[in-house]
Structures are given as structure tokens and as C-alpha cells.
Amino acid sequence: MTGQIEPIRGMNDVLPAESVLWQQLEGTMRDLLVAYGYEEIRVPVVEHTDLFKRAIGEYTDVVEKEMYTFTDHGGDSLTLRPEATAGIVRALISNGLLRGARHKLWCSGPMFRHERPQKGRYRQFYQVDVEAVGFTGPDVDAELIALTARLWRRLGITRVQLQINSLGTADSRRVYRERLVEYFSAHRDRLDEDSRRRLTGNPLRILDSKNPEVQQLVADAPLLTDYLDPESQAHFAALRAALDAMGLQYTVNPRLVRGLDYYSRTVFEWITDALGAQDAVCSGGRYDGLISQLGGDATPAIGFAMGIERVVELLRQQPSQPQPQATDVYVVLNGEQAAIAGGRIVESLRDALPHRRFEMNLGGGNFKAQFRRADRSRAALALIIGEDELARGVAALKPLRLEAGQSECPMTQLPERIEAALKGTDLQE
């Protein structure tokens, strides 16, 4: 079979020119999480399908329509992870890490959902996932939200807004569920096929409908906040008080229910008007019942997931963009013996100056071609090693971004002279 192999629809390449934005986000996020006391955990990309059915909910779009599920050679039903929380919880249970312990964890990597690809929504997409396990009070809810707010400030992102809501406990949602069933049943003829099916399975999912006619019904549906139990009301009031005390602006959105069944009490989303239809860039909430639901000891928890592609798109819209790190020194080699000795010399310089970036000319080429490559590398300095210089135990240094002449330097003094040159001091002896 011949011909060009095309990429799979919805699974995109991240090219070197784009990677600098990813690195900016990932590096900033990693530093912030360390500062807040979170530790990295890495979980498999593939899990048993039943994990996601039990955690996310069988009547969600994710489980019903979007999961990449297959049967392996052993006959097991496996699924590429559509989100990370279920896998992290499974890891805590499998490795016996609960038992009253508290954990602040994060992971990052690819997730998979078979959705219709569009800007900001891909079939393989990347998330940063952050979880605080074993914490009961609204203080950790507020801290997680404050962490995300600090991330936006560090990245210079301003076009985001915070929405919050409370889903209450399972008992309060049960009462609310009955009211929803009564309401939507009275308008059953206006529901689409998906909503009718969810009416008997999980009517809260109808609130997520994207059908315009169903959305009109949703606008007049009962509000969950009217059915919250007293403890959930107190928890939500304490969260709002903490956010107010920190000066964080938010909107209470009583229709915010999140698309996964394991959430309870606090839910939140950071949304933007800069990405078209895909307005959510960071979403999360409490899932106090999930760990016991998956076979672990009853343990409270809260977390969030942040879409890396969507945040990168916001960074791309910034007026100033980070640039790939330039080479410090480009090593020009002239002659067969210089080419042989070049590797040894450059490796010794990398030992002496580990914080500097050296790029050695590879693949031959005359002086003109090598200096063109040096220019494209954006190096500040050229280190020139030829047969004559090698015989005399010297090398030439030539600034590439300043109006300054070429000078010679003994090989033994190269690290000091290169460092001085890169710091802008005089190259001349």
C-alpha cells in the first residue's frame, strides 16, 4: 500500500514552534502546584471500562457516546481514559494509600473522547488534573480555586470568569431529581430522544442538553439550589465567604451541574469568551462519594481538570509571545581534524558551562553554509575551530548579534571567555 498516511481525525501534532507555549503553561503550572504542596502521580492511559462506567455514570455523554473502548486479546473490555480522576482514585485504592490519609496530587497527560473535532475540542486532548483527597471543609475548595486564579495571573490571562454552584448531597439531589422528573414529564413531548431516555436514568443530564428547544425548558426548570440540605447550604456559604475574603470574583450559576455523575456539593468552572463555543477552560468540584463507590473507604475529595489546548489558545492570543530558547554558542568546524576534535571540545564545554546551550555544526558544509546555520540558530556567539587553530591550541570567538570583531582564545580559557562574552563583556584581550 502506497501514498501518504494522514493523521487520525481529531488527533493533532504539536510542532516545535507551538511547544514553547505548552512548556510555558506546564512549567508555570508545575511550579505553582509544588508551591501549594501537590505531588505528581502518573496513572495508566488504559483502564478497565467498568471503572469509568461506575465513576462517570452510564447515562453521561462520555460513557454513552465518547469513550474509546475495545476488547483486548484476553477478552477484557478496556478503555482509553476519557478523564483522569477515576484512574487516580483507582490508584489510591489499589495501592492502599487511603486509610485516613490525606493526599494532594496532580497529573498531566493525554485523554481520549470520540467527539466532533472543533477548535479547542479534540479526540486526543491534554489535561492537567489536580486532586485533594481526604479534606472535608470548604477551605480546600477555596484554595483550589485560588490556585487556578493565581495561574491566570502568572500567565497574564484576563479573559476568564469563575462560575460556582453547589450540587448538595446525594439525598438532596434525590429530592431534586423527583421534582425534575415531574417537571420534564409534564413537557415530555418537547424533549428530544436523548432527554427522554435520561428522564428515567439521570434527569440532571437533561440540564446539560445543547438542544435549543430543550434549553428553553431547562430555563424554567426547578433550581437545585432550592433543594440543598442545610449542611450543603452552610458549606456553600462558607466557600463564598472565603472567596470574598480573598477578593476573587465569581458568579453563582444554579444551572452548573458538570457532565460527570460523581460530583457533589461544590462545582466550579472557569469560562472564557475568547474560544467560541468551547468556553470552559478549567472545571472541577467535590466528589465525596466516589471513592466509596469504587470500593475504597468513604473519603471526601475535590479536584479539577484544565484543558491544556484551550489555555494554550488563550496564551496564543496574548500580545507578547514567549520565544523558543536560543542557542548560546554555535560551533563552526573547518577541516577533517577539527570535525573529529569538535565533539570532544564541545562536550567538555557542556561540562564546564551546563547552563549554556551549545550547538555544534553537523553534516559538514563550508564556512558560508555553517554561518547561515549559526544565524538561523539565533546564537549569540560563534566558536570557530579550524585546522590551524587546533594546531595552535586556540579557538576563535565571534559575536553574531553585536558589532564586534573576531578574537582568539586559548582552549584552556574557553569556558571563562565564553561566559564573559555571553554576559556582554569585552572579547578583546
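The values are calculated or read from the model by the stated rules, or taken from the named source; none is laboratory data. It should be emphasised that the depicted structure is a prediction, and the values quoted were computed from it without experimental measurement. Quick reminder, even Gly has a Cβ in these numbers, built from the backbone with ideal geometry, and neighbours come from all protein chains shown.
Among the numbered criteria (1) among the acidic types (Asp, Glu); (2) in contact with a strand residue (DSSP E or B) (Cβ under 9 Å, 6 or more places away or on another chain); (3) within 15 Å of Leu151 (Cβ to Cβ), which one does Glu39 miss?
So the condition that Glu39 fails would be (3).
Listed here are the residues, each with its yes/no results for (1) touching a Cys at 6+ places or on another chain (Cβ under 7 Å); (2) among the aromatic types (Phe, Trp, Tyr); (3) under 18 Å from Val267 (Cα atoms).
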| position | (1), (2), (3) |
| --- | --- |
| His187 | no, no, no |
| Arg205 | no, no, yes |
| Tyr227 | no, yes, yes |
| His235 | no, no, yes |
| Ala242 | no, no, yes |
| Met246 | no, no, no |
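Would you tally the residues in the range 13-55 being in contact with a helix residue (DSSP H, G or I) (Cβ under 8 Å, 6 or more places away or on another chain), under 21 Å from Arg310 (Cβ atoms) and in a loop (DSSP other than H, G, I, E, B)?
1
Looking at Pro138 and the list (1) in contact with a Lys or Arg (Cβ under 8 Å, 6 or more places away or on another chain); (2) within 13 Å of Arg286 (Cβ to Cβ), which single condition is not satisfied?
It is condition (1) that Pro138 fails.
Based on this model, can you work out whether Glu347 counts as farther than 30 Å from Gly156 by Cα, surrounded by fewer than 16 Cβ atoms within 10 Å (Cβ to Cβ) and acidic (Asp, Glu)? It would help to see each step written out before you state the result.
Details: farther than 30 Å from Gly156 by Cα: yes; surrounded by fewer than 16 Cβ atoms within 10 Å (Cβ to Cβ): yes; acidic (Asp, Glu): yes.
Yes: the conditions hold for Glu347.
Scan the range 356-369 and tell me whether some residue there is of a type outside the set (Val, Ile, Thr) and touching a Gly at 6+ places or on another chain (Cβ under 6 Å). Before the answer, list the steps.
Going residue by residue through the range 356-369, those that are of a type outside the set (Val, Ile, Thr) are 356-369.
Within this subset, residues satisfying the condition of being touching a Gly at 6+ places or on another chain (Cβ under 6 Å) are 360.
Scanning the range 356-369, I find at least one residue that is of a type outside the set (Val, Ile, Thr) and touching a Gly at 6+ places or on another chain (Cβ under 6 Å), so the answer is yes.
Looking at Glu83, Glu64, Glu58 in this structure, which one is part of a helix (DSSP H, G or I) and touching an Asp or Glu at 6+ places or on another chain (Cβ under 8 Å)?
Numbers: Glu83 fails: part of a helix (DSSP H, G or I); Glu58 fails: part of a helix (DSSP H, G or I).
One residue alone meets the criteria, Glu64.
Could you run through the range 351-375 and say how many residues are within 16 Å of Ala395 (Cβ to Cβ) and crowded, with 16+ Cβ neighbours inside 10 Å?
Keep residues of the range 351-375 that are within 16 Å of Ala395 (Cβ to Cβ), which gives 352-353, 356, 358-361, 367, 370-371, 374.
Now restrict to residues that are crowded, with 16+ Cβ neighbours inside 10 Å: 353, 356, 358-361, 370-371, 374.
Looking only at that region, the number is 9.
Which residue pairs have Cβ atoms under 8 Å apart, sit 6 or more places apart or on different chains, and have a first residue in the range 346-365 that is without any contact (Cβ under 8 Å) to a residue 12 or more places away in the chain and a second that is surrounded by 13 or more Cβ atoms within 10 Å (Cβ to Cβ) and hydrophobic (A, V, I, L, M, F, W, C)?
Final answer for the pair search is Arg350/Phe358.
Within the range 358-370, can one find any residue that is of a type in the set (Gly, Ala, Ser), within 23 Å of Ala420 (Cβ to Cβ) and in contact with a helix residue (DSSP H, G or I) (Cβ under 8 Å, 6 or more places away or on another chain)?
So the first thing to find is which residues in the range 358-370 are of a type in the set (Gly, Ala, Ser), and the list is 363-365, 369.
Imposing the further condition that a residue be within 23 Å of Ala420 (Cβ to Cβ) reduces the set to none.
Within the range 358-370 (the criterion being of a type in the set (Gly, Ala, Ser), within 23 Å of Ala420 (Cβ to Cβ) and in contact with a helix residue (DSSP H, G or I) (Cβ under 8 Å, 6 or more places away or on another chain)), the answer is no, since none of the residues qualifies.
Testing Thr71 on (1) crowded, with 17+ Cβ neighbours inside 10 Å; (2) of a type outside the set (Phe, Trp, Tyr); (3) without any contact (Cβ under 8 Å) to a residue 24 or more places away in the chain, one condition comes back false. Which one is that?
Condition (1) is where Thr71 drops out.
Look through Arg30, Arg42, Arg54, Arg9 and report the one residue that is within 20 Å of Thr79 (Cα to Cα), under 17 Å from the mean Cα position of the chain (by Cα) and among the charged types (D, E, K, R). Before you say what the answer is, go through the steps one by one.
Values: Arg30 fails: within 20 Å of Thr79 (Cα to Cα); Arg54 fails: under 17 Å from the mean Cα position of the chain (by Cα); Arg9 fails: under 17 Å from the mean Cα position of the chain (by Cα).
Result: Arg42 is the single residue among Arg30, Arg42, Arg54, Arg9 that is within 20 Å of Thr79 (Cα to Cα), under 17 Å from the mean Cα position of the chain (by Cα) and among the charged types (D, E, K, R).
What is the one condition in (1) in contact (Cβ under 8 Å) with a residue 24 or more places away in the chain; (2) of a type outside the set (A, V, I, L, M, F, W, C); (3) in contact with a helix residue (DSSP H, G or I) (Cβ under 8 Å, 6 or more places away or on another chain) that Gly393 does not satisfy?
Checking Gly393 against (1) in contact (Cβ under 8 Å) with a residue 24 or more places away in the chain; (2) of a type outside the set (A, V, I, L, M, F, W, C); (3) in contact with a helix residue (DSSP H, G or I) (Cβ under 8 Å, 6 or more places away or on another chain), the one that fails is (1).
Kindly indicate which of Glu18, Glu66 is farther than 30 Å from Arg153 by Cα and either modelled with pLDDT under 95 or hydrophobic (A, V, I, L, M, F, W, C) (or both). If you could, list the steps in order and put the result at the bottom.
On the way: Glu18 fails: farther than 30 Å from Arg153 by Cα.
One residue alone meets the criteria, Glu66.
Is it the case that some residue within the range 411-428 is modelled with pLDDT of 90 or more, over 14 Å from Val329 (Cβ atoms), in contact with a strand residue (DSSP E or B) (Cβ under 7 Å, 6 or more places away or on another chain) and not hydrophobic (A, V, I, L, M, F, W, C)?
No, the range 411-428 has no match at all.
Just to be sure, is Gly335 surrounded by fewer than 18 Cβ atoms within 10 Å (Cβ to Cβ), outside the structural domain of Gly27 (by TED's automatic domain parsing), at positive phi and under 43 Å from the mean Cα position of the chain (by Cα)? Please lay out each step first, then the result.
Values: surrounded by fewer than 18 Cβ atoms within 10 Å (Cβ to Cβ): yes; outside the structural domain of Gly27 (by TED's automatic domain parsing): yes; at positive phi: yes; under 43 Å from the mean Cα position of the chain (by Cα): no.
No: the conditions fail for Gly335.
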